[in-house]
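Everything on this sheet refers to the single structure shown next.
Values quoted throughout were computed directly from the atomic coordinates according to the rules given, and no laboratory measurement underlies them. Predicted model only: the values in this text are computed from it and were never measured. Cβ: placed from backbone, ideal geometry, glycine included. Neighbour counts: every protein chain shown.
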Amino acid sequence: MRRVAHHSPPSPHHLTMKGTDAMGRENEDLLHEFMAAFAAGDDGTLRRLVHADIVDHTPPPGAAPGIDGLLYAVAGYRQGFPDLRISLEKVVADGQDVVGYGRIKGTHSGSFFGQEPTGRAVDFGYIDIYRVRDGKLADAWHLEDIAGLTRQIAATGLERSA
């Protein structure tokens, strides 16, 4: 039986390509600017890039809805890891959605959502999916490697080398 090419699943290379249309490129640039503002704790830029009523489908515990919940999450990461660095290694974008994969690094030198500082370096992955509306982030789904982060903070000996 002959397989029709347009029904074949996309190759992994295709899935990591940057957006090729103008809207995809704009959304990719939006995500890069957002991640830089998140890492810097730049609330003004975050407010400019995100809808006030953003829906976070996977919020951290205790987060309010909308932009206030996002700023709460940013503050939590910045407090726990004052030297926070976020890399954005892979991006897939189109006219409506943008997906990013990267690494979060820093030193756990402040309280992180109730976890007292340990002084340990951390390096863990994340995947974020955003729906874009009117040039701003409107919906968010994200997954951080919290198990890996917890192992590194607890220094169980299973953590990755930073």
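Before moving on, here are some points about what is shown:
- Calculated diffusion of the stretch 87-154, Stokes-Einstein form, Kirkwood radius summed over Cα pairs, 20 °C and 1.002 mPa s, µm²/s: 160
- Applying the Karplus relation 6.51 cos²θ - 1.76 cosθ + 1.60 with θ = phi - 60° to the stretch 77-89 yields 3J(HN,Hα) values of 5, 5, 5, x, 9, x, 9, 3, 10, 10, 9, 10, 9 Hz, where x marks Gly and Pro.
- Computed over Cα pairs, the Kirkwood radius of the stretch 20-154 leads via Stokes-Einstein (0.890 mPa s, 25 °C) to a diffusion coefficient of 163 µm² per second.
- Farthest toward positive dipole pole in the stretch 20-154 [+1 Lys/Arg, -1 Asp/Glu at C-beta], among Leu49, Ile86, Ile127: Ile86
- Spacing of the two label points (7 Å from each Cα toward its C-beta) at Ile127 and Ala52, in nm: 3.4
- Inter-label distance for Leu143 and Ala75, nm, one decimal - labels placed 7 Å from Cα along Cα-to-Cβ: 3.0
- Spin-label pair Ala40/Asp94, simplified geometry with 7 Å Cα→Cβ offset, distance in nm: 3.2
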